[in-house]
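Since the structure comes first, as structure tokens, the remarks are kept for the end.
The values are calculated or read from the model by the stated rules, or taken from the named source; none is laboratory data. Not measured: the values here are computed from a predicted model. Virtual Cβ from ideal backbone geometry, glycine too; neighbours counted across all protein chains shown.
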Amino acid sequence: MVAANKKVIQMKTSVQIGKVMGIPIKIHISFLLVLILFPIIFSRESVTGFVDVESVPLRYALSLSLTVLLFFCVALHELGHSWVAKGYGITIRSITLIIFGGIAAMDDIPRDPDAELRISLAGPAVSLMIGVFCAIIYLILQNIAQAVQTAMIPDVSHLIWSLAFINVMLFAFNLIPAFPMDGGRVVRAWYAQRMPYLRATRKAVHLGKMIAIIMGVFGLFASPWLLFIAFFIYVGASEEEAFTKASVTLEGVKVSDLMTSDVAFVGDNMTVLELLQVMFGKKHHVYPVTDPSTGEVVGMVAFADIQSVPMDKHNVVLVRDVMATDIISIFDDADAIDALRMMSMHKIRHLLVKGRITGRVAGIVSRIDLIRSIEVLGYSERQNS
Ligand SMILES: [Zn+2]
């Protein structure tokens, strides 16, 4: 899997375990569950697992080894994507192993179909290569086992066989032609070589959703796992469409184009009652809060922040008691899409805009402004095309 900036699950719950090609490799907390769950599954199952191994300690040792090797292979798959992406000058910020597999967080893949195609295919190609390599080792071990009768060889060769099988499955699974799988990107790249990027995304998303629905219907009768994957794919496809629409529509649009520069400041020593009076007059959504003694911005306050203050406390509670103090700001010359990304990453509705040259507050940009512009710009784009 490859993830551009947007999907990035808040990675605070991850621990870095090392660095390869200058890319931090991290493990997400959900991975601990995998370390317990997978060995149990492998120890009870016979296709990839070791239920046939008589010695119980050996059975669990093999199951745990397979789990660790499996995720090592997933990391290699992500490194495959990353290696090719680096060749296109894309920065890879991290590779994180989570319960579903791996996520390579990279800056946006340029809208170049050839680059996207190569980057997307690189991961599955690595999985296929490992699969074939393990299959060859397996065959060699089989031959040796026939020549020399050693007790260990059958178990080790079964481990190698499982690794071959799982990597071929990883190869096939990731090439399902639906977002967020690599196959979804391959399909989009194929379409994008023939039509505009946004239309190509819509086509690929449509195909992905169809596949998810078919999988879901099968899943209803066959397996809850399939149903779960179908749901995961459906949501991923919709997200990709929404994000692509936003980023294509907002291309070239700067934060300064969308921000409100008419900003009303309030003092942190104001009471909630006084603040309400300002709000009635100005009718803004959000107000930067300053410390009157220094003039510095110390927080942001919105109507939602004072709703929880009881009526009879309005003239006692101060703005500084209810304001949000984690101010997140962006420069006025930044891309509008980055503002949207920052807001969804921090789960906030407004950003303080600072002038690049002045370093002072230049305005406020809100989520609703961005969403509206996407709608309006997207509408006029459709009229023109
Ligand atoms: Zn991948």
### Summary
Taking the range 216-256 and keeping only residues that are exposed (fewer than 15 other Cβ atoms within 10 Å of the Cβ) and not in a helix (DSSP H, G or I), one is left with ALA222, SER223, GLU251, GLY252
## Note on the structure
Checked ALA85, ALA104 against criteria (part of a helix (DSSP H, G or I), touching a strand residue (DSSP E or B) at 6+ places or on another chain (Cβ under 6 Å) and in the same structural domain as LYS26 (by TED's automatic domain parsing)); the one match is ALA85
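Residue by residue, here is whether (1) touching a residue at least 60 places away in the same chain (Cβ under 8 Å); (2) of a type in the set (Val, Ile, Thr) holds:
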| site | (1), (2) |
| --- | --- |
| THR67 | no, yes |
| PHE71 | no, no |
| VAL84 | no, yes |
| ILE90 | no, yes |
| GLY101 | yes, no |
| MET106 | yes, no |
### When residues of the range 105-128 are limited to those that are surrounded by fewer than 19 Cβ atoms within 10 Å (Cβ to Cβ) and of a type in the set (Gly, Ala, Ser), the one modelled with the highest pLDDT
ALA125
### Query
Considering only the range 61-104, how many residues are more than 12 Å from the ligand (Cβ to nearest atom) and at pLDDT below 80?
2
### Query
For the range 263-307, which residues satisfy the criterion of being outside any strand (DSSP E or B), closer than 25 Å to ARG367 by Cβ and β-branched (Val, Ile, Thr)?
VAL263, VAL272, VAL278, ILE306
### Query
Just for the range 145-179: of the residues that are surrounded by fewer than 16 Cβ atoms within 10 Å (Cβ to Cβ) and not in a helix (DSSP H, G or I), which one is farthest from the ligand (Cβ to nearest atom)?
GLN149
### Task
Residues being more than 30 Å from the chain's Cα centre (by Cα) and farther than 14 Å from SER162 by Cα: count how many of those fall in the range 128-141.
1
### Query
Just a yes or no: is a residue in the range 180-200 part of a helix (DSSP H, G or I), within 24 Å of GLU78 (Cα to Cα), more than 16 Å from the ligand (Cβ to nearest atom) and within 19 Å of the chain's Cα centre (by Cα)?
no
### Message
Kindly evaluate LEU58 against the criterion of being farther than 27 Å from ALA246 by Cα, more than 13 Å from the ligand (Cβ to nearest atom), touching a residue at least 60 places away in the same chain (Cβ under 8 Å) and of a type outside the set (Val, Ile, Thr).
### Response
yes
### Task
Collect the residues in the range 216-254 that are within 30 Å of ILE368 (Cβ to Cβ) and aromatic (Phe, Trp, Tyr), keeping them in residue-number order.
PHE231, PHE232, TYR234, PHE243
### Message
What's the number of the only condition in (1) more than 15 Å from the ligand (Cβ to nearest atom); (2) part of a helix (DSSP H, G or I); (3) among the hydrophobic types (A, V, I, L, M, F, W, C) that VAL51 fails to meet?
### Response
(2)
## Note on the structure
For the range 308-362, the count of residues that are aliphatic (A, V, I, L, M), surrounded by 14 or more Cβ atoms within 10 Å (Cβ to Cβ) and outside any helix (DSSP H, G or I) equals 15
